[in-house]
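First up is the structure itself, then whatever we jot down about it.
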Amino acid sequence: IVISTPEYNQSLSGVLKNALDWVSRVQGGSVWQDKPVALMSAAAGRSGGARGNYALRLAMQPFKTRLIQAELLVASPSREFEDGKLVNEGTQKRLSALMDSLKAELARS
């Protein structure tokens, strides 16, 4: 599972929080329990959404997932993307590393 959020007021977006709240109410228990999860965030500032990503980590705790310790924080995303495509090589490498970490965690299943 990959979850990405923009940082809104130093937290995750209300829409994502609402979606997580709905998922938590699925009958039969936690549908994401023991599943590997990678988190990403973005913000216009230099932190790349670090505070939003931290809030997302907290919001994920009740799901009892296997959160990947690596994360992708994208600062100033308007400079990272052109026509909806990620063009920054450094960010592409960090994204690939995050996906490699997720694949490695998935292989442990």
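The values are calculated or read from the model by the stated rules, or taken from the named source; none is laboratory data. All values derive from a computational prediction rather than experimental measurement. FYI the Cβ positions are ideal-geometry reconstructions off the backbone, even for glycines, and counts take in every protein chain you see. Surface areas here come from the heavy atoms of the whole protein model, side chains and all, with no ligands, DNA or RNA. Shrake-Rupley method; radii C 1.70, N 1.55, O 1.52, S 1.80 Å.
Residues in the stretch 25-58 that are within 22 Å of Ser109 (Cβ to Cβ) and in a loop (DSSP other than H, G, I, E, B): Val26, Gly28, Gly29, Ser30, Val31, Trp32, Gln33, Asp34, Lys35. The one condition from (1) open to solvent by 50 Å² or more (accessible area, probe 1.4 Å); (2) of a type outside the set (A, V, I, L, M, F, W, C); (3) at pLDDT 95 or above; (4) in contact with a strand residue (DSSP E or B) (Cβ under 7 Å, 6 or more places away or on another chain) that Arg46 does not meet is (3). Set side by side, the residues Gln69, Gln61 differ, and just one is closer than 24 Å to Trp32 by Cβ, in a helix (DSSP H, G or I) and open to solvent by 70 Å² or more (accessible area, probe 1.4 Å), which is Gln61.
Ala55 meets the conditions (1) touching a strand residue (DSSP E or B) at 6+ places or on another chain (Cβ under 6 Å); (2) crowded, with 16+ Cβ neighbours inside 10 Å; (3) without any contact (Cβ under 8 Å) to a residue 40 or more places away in the chain in every case but one. The failed one is (3).
Taking the listed residues Ser109, Ser24, Ser30, Ser76, the one that is at pLDDT 90 or above and not acidic (Asp, Glu) is Ser76, with no other qualifying. Taking the stretch 72-91 as the region of interest, how many residues are closer than 20 Å to Ala44 by Cβ, surrounded by fewer than 13 Cβ atoms within 10 Å (Cβ to Cβ) and not hydroxyl-bearing (Ser, Thr, Tyr)? So the answer is 7.
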